[in-house]
Amino acid sequence: MIDLLQHLVHGVSLGAIYALIALGYTMVYGVLQLINFAHGDVFMLGAMMGWYASSRWTQEAAHPTWFGAIAVTLVSMAICGTTGFLIERFGYRPLRGSPKLNSLITAIGFSFLLEYGGQFVFGPNPRAFGALPVSPSDQFRVLGVSISYIDLICVGVSVGLMIVLNRIIFHSRIGTAMRAVSWNPPVAALMGVNIDKVISFTFVLGSVLAAVAGILFASAYRKVEPLMGLMPGLKAFVSAVLGGIGNVQGAMLGGLILGLAEQLVSSYVSSQWKDAIAFAILILILLVKPSGLLGKGTAEKV
Amino acid sequence: MAGLFGGSALQRTGRAVRSWLPFFAAVPILILIQEEIALNPALGLEYAFQNINHIGIAIILAVSLNLVNGLTGQFSIGHAGFMAVGGYVSAVLLMRGPQDDPYRIFFVLAVLAGAGAAAVAGYLVGKPSLRLRGDYLAIVTLGFGEIIRVIIENTPFFGGAIGLSPIPHRADFAWIWAVAIGTIIVAKRLRDSTHGRAFLSVREDEVAAEAMGIDTTGYKVRAFVISAFFGGVAGAMSGAFEGNLAPQSFTFVRSFEVVAMVVLGGMGSITGSTIAAAVLTLLPEYLRALANLRMVIYSIALIALMLLRPRGLLGTRELWDWWREWRRARVKPAERPRREATEALIDVKGATIRFGGLTAVCEFDLEVRPRELVALIGPNGAGKTTVFNLLTGVYAPSEGTIKVMGRDTRGLAPHDIAHLGCARTFQNIRLFRELTALDNVRVACHHLTRESIAAAVRHGSLSEQEEKWIVERSEELLEVMGLSARRDELAKNLPYGEQRRLEIARALATGPQVLLLDEPAAGTNTREKADLMELIRSIRDRFGVAIVLIEHDMKLVMGVSERILVLDHGVTIAQGLPRQIQSNPKVIEAYLGEKYAKEHAAQIAAAGSQS
């Protein structure tokens, strides 16, 4: 029982990170119907920039402080937000009218550019990450379950950001515009919504969340490497599909389910199969309910 | 008439053998090159031939992936997974098989077993994900490739992370290149056959393809399975050539290299894929100094290509297209017997469809008899196009029954209904934009053909006969529609009115007994409208089809139709002869509002009392 609770705690913390990444996928899909393959690598970039900010540009990682950690995160958010903006502006926008396949290939191109560009600059080997003044071994016990402070931070920060995001999407002008664009871009444009601006904003927002997720992930696993975005990125995408792609609450729910499923499989079956469960879930959801748990089915208008 | 069925079995086999002659001629040449040049130690070309063989394997991979990504317009990025399945299955067999295999019979069997396993894997992956539109396939194939790698790495039977070795060296230059040439021939024949056009139509517009009788999901799955099969062949060849297999060589990067070859060469171009496979295999050899930057260069090149030349270097064209244009055979058409239905072609009873709370069409009844000309009119949003969507199976009715040619359409896909003999055009033109006018029509002939994919590959006589018949038929239809001069132009380049007529030609090519025309006159001027009226009548007379017409132009409707149904808010408010409809107060009210209708009625009454 204690065991199970222990795994659930880890699963929730992992799921919160997946949910943060999944939000970026789902928002971009909502406004553009595009799977932004590069998103997982923006997440990696977030972690990597965190490493540069804390270990290369400053000596913050040697004596981490809370203030320093927040500053590092803000720097990483700024860089990722800019990257997201540039990718959309120069990669996807020129292709907006052309077949979706082209944007998808471009997305993969950017994904590889970030991964292998990262490998070229950063080096292929993992490096230790320690921007936060706590380590995963700092824990406290509740009812026999040990909870690490990092897990607590992951969940706390993610939930906080999701609340903020919810406010933005459902209670702000730009959020209303985002929803309008996701319903019908040409009509939104006729109603005076600046589509380009909204799409840029969506990319920046998603990338900023991915940066935070990157810092949290790197803090929990204490390392950074150029290919670290691949698997979490894919799993976050599966989370988005599971919850119903294009649906913000769905991404949160999907991330949580996926994190729990992965943690339970790796504890009770074998950790080697933890990557397989995500794709098993994906195939299952595509077979049973392709629109996802919270998504609505859509029929193409003829 | 024996010719239609290809004559005797002996003749058929003879033709199949003859059509593969170039291939059989190539084999001795390959063996000669192998014996005299590759294996000649004096020349010292071992390293060069290693590269040449890598090119051969890359060609098999790129040409087969092109079937899915290029021709069919789907996006698979897990080709390395299928390669791994084929490679490992055949390697296990080869390692446990006889040590001595002088005629390489066991080798061929092992390759086929590996390829078969890859094809099965392709079916299992493709079936659930290809049902869905869009980009899910990309993710699923990516995931599949990774799962396969994880499974292999964790299975001692397959050598785990270390890999399998030694695999008997059974594949050499001659074998690899014979298979590569064979793959190219198969791909070319598929592409040139009626099945190839079915693949293309899926890429261009799935909804229109379904309406023309093409089982889009079925064709996507077929393309995917064939592609996986050849992916497996490439894996098997690679294992038997290198003598070892390791999971590290089947990562996402490998899949991506193949995608890059297809994209660079031109989506849909076989020669393009072949050339790109050669270039991208050799390039890294000459860029060894830049090995670290190789993937960076790849990705930048890919992005630049998409932005500057999105169709790839060769686009959908082939090298052989340029010299092929002047030799084009013309043969007499083979007529097909028409089935004449005597009962109602379309019989709709109480069809109702709701979208959420909105009842778009309510209790709709319609009976269309042979050679009838029925018009469906009504204000915007009355549910006219929805009726067409119900008839053609795009939507299923919430209530009521729809019978086409006496058959209940419940559970039938749009392409099944097209097969029954009910063809349509679209309000917002849905041509296969990147195909020529002729090809647009030819696609629609697809479901009338009987040759199998295998027959197309063998290039038996049946296929040739049908091909000729299709071309004749399509040219005739283009002529009827006055589009003969536009035969080889891309559909997207035709003027608007001609696009509409091409849509009608395409619908007629499916051999319908009922033709559903959705606003054929939209956006045409008065003179064109008069021509169109003539055309619609002549289509009816010439092809003996019944026509159901949605149209806003009252003059056209009144002039051409024999019976009119009026829809308003999904309800049939009137039906009858044109004259009756014109004076029906309900109809006038629906179109012009209550107030005007009353005035109008008063006018009519006044006119009546005067006379």
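The values are calculated or read from the model by the stated rules, or taken from the named source; none is laboratory data. Owing to the predicted nature of the structure, the values given are computational and were not obtained by experimental measurement. Positions of Cβ are backbone-derived with ideal geometry, glycine not excepted, and every protein chain shown enters the neighbour counts.
Points to keep in mind about this one:
- Of the residues making up the stretch B:7-37, those that are among the acidic types (D, E) and surrounded by 11 or more Cβ atoms within 10 Å (Cβ to Cβ) number 1.
- When we screen B:R537, B:R500, B:R527, B:R506 for residues that are farther than 22 Å from B:H447 by Cβ, among the charged types (D, E, K, R), assigned to a helix (DSSP H, G or I) and under 25 Å from the mean Cα position of the chain (by Cα), the only hit is B:R500.
Quick grid of which residues meet (1) closer than 21 Å to B:A223 by Cα; (2) aromatic (F, W, Y); (3) out of contact with any strand residue (DSSP E or B) (no Cβ under 9 Å at 6 or more places or on another chain); (4) modelled with pLDDT of 85 or more:
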residue: B:A375; (1), (2), (3), (4): no, no, no, yes
residue: B:L390; (1), (2), (3), (4): no, no, no, yes
residue: B:E399; (1), (2), (3), (4): no, no, no, yes
residue: B:K403; (1), (2), (3), (4): no, no, no, yes
residue: B:D408; (1), (2), (3), (4): no, no, no, yes
residue: B:H419; (1), (2), (3), (4): no, no, yes, yes
residue: B:I453; (1), (2), (3), (4): yes, no, yes, no
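- Taken over the stretch B:275-286, the criterion of being away from chain A (no Cβ under 14 Å) and either under 21 Å from A:A38 (Cβ atoms) or over 34 Å from the mean Cα position of the chain (by Cα) (or both) is satisfied by B:E285, B:Y286.
- Options A:V28, A:V72, A:V42; residue that is in contact with a His (Cβ under 8 Å, 6 or more places away or on another chain) and modelled with pLDDT of 85 or more: A:V28
- Residues in the stretch B:129-153 that are more than 7 Å from every other protein chain (Cβ to nearest Cβ) and of a type in the set (V, I, T): B:T141, B:I148, B:I151, B:I152.
- With a requirement of 2 or more residues that are within 14 Å of another protein chain (Cβ to nearest Cβ) and either farther than 19 Å from B:T510 by Cβ or aliphatic (A, V, I, L, M) (or both), none of the strands (runs of 3 or more DSSP E) lying completely within the stretch B:371-489 satisfies it.
- Candidate set: the stretch A:12-57, residues that are more than 16 Å from the chain's Cα centre (by Cα), in contact (Cβ under 8 Å) with a residue 60 or more places away in the chain and over 24 Å from A:R96 (Cα atoms); chosen: the one farthest from the other protein chains (Cβ to nearest Cβ): A:S54
- Close contacts from the stretch B:80-102, counting a first residue that is in contact (Cβ under 8 Å) with a residue 40 or more places away in the chain and surrounded by fewer than 24 Cβ atoms within 10 Å (Cβ to Cβ) and a second that is of a type in the set (D, E, K, R) and assigned to a loop (DSSP other than H, G, I, E, B), with Cβ to Cβ under 9 Å and a gap of 6+ residues or different chains, come to B:D101/B:R170.
- Residues located in the stretch A:213-247, provided they are more than 14 Å from chain B (Cβ to nearest Cβ), assigned to a helix (DSSP H, G or I), crowded, with 24+ Cβ neighbours inside 10 Å and hydrophobic (A, V, I, L, M, F, W, C): A:A213, A:I215, A:L216, A:F217, A:A218
- The listed residue being in contact with a strand residue (DSSP E or B) (Cβ under 9 Å, 6 or more places away or on another chain) and either modelled with pLDDT under 90 or within 14 Å of another protein chain (Cβ to nearest Cβ) (or both), out of A:F122, A:F110, A:F90: A:F122
Results for (1) more than 14 Å from every other protein chain (Cβ to nearest Cβ); (2) farther than 19 Å from A:Y52 by Cα, shown as yes or no for each residue.
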position: A:P99; (1), (2): no, yes
position: A:L104; (1), (2): no, yes
position: A:E115; (1), (2): no, no
position: A:P126; (1), (2): yes, no
position: A:L152; (1), (2): yes, yes
position: A:V159; (1), (2): yes, yes
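- Residues being assigned to a helix (DSSP H, G or I) and within 7 Å of chain A (Cβ to nearest Cβ) - total across the stretch B:289-318: 11
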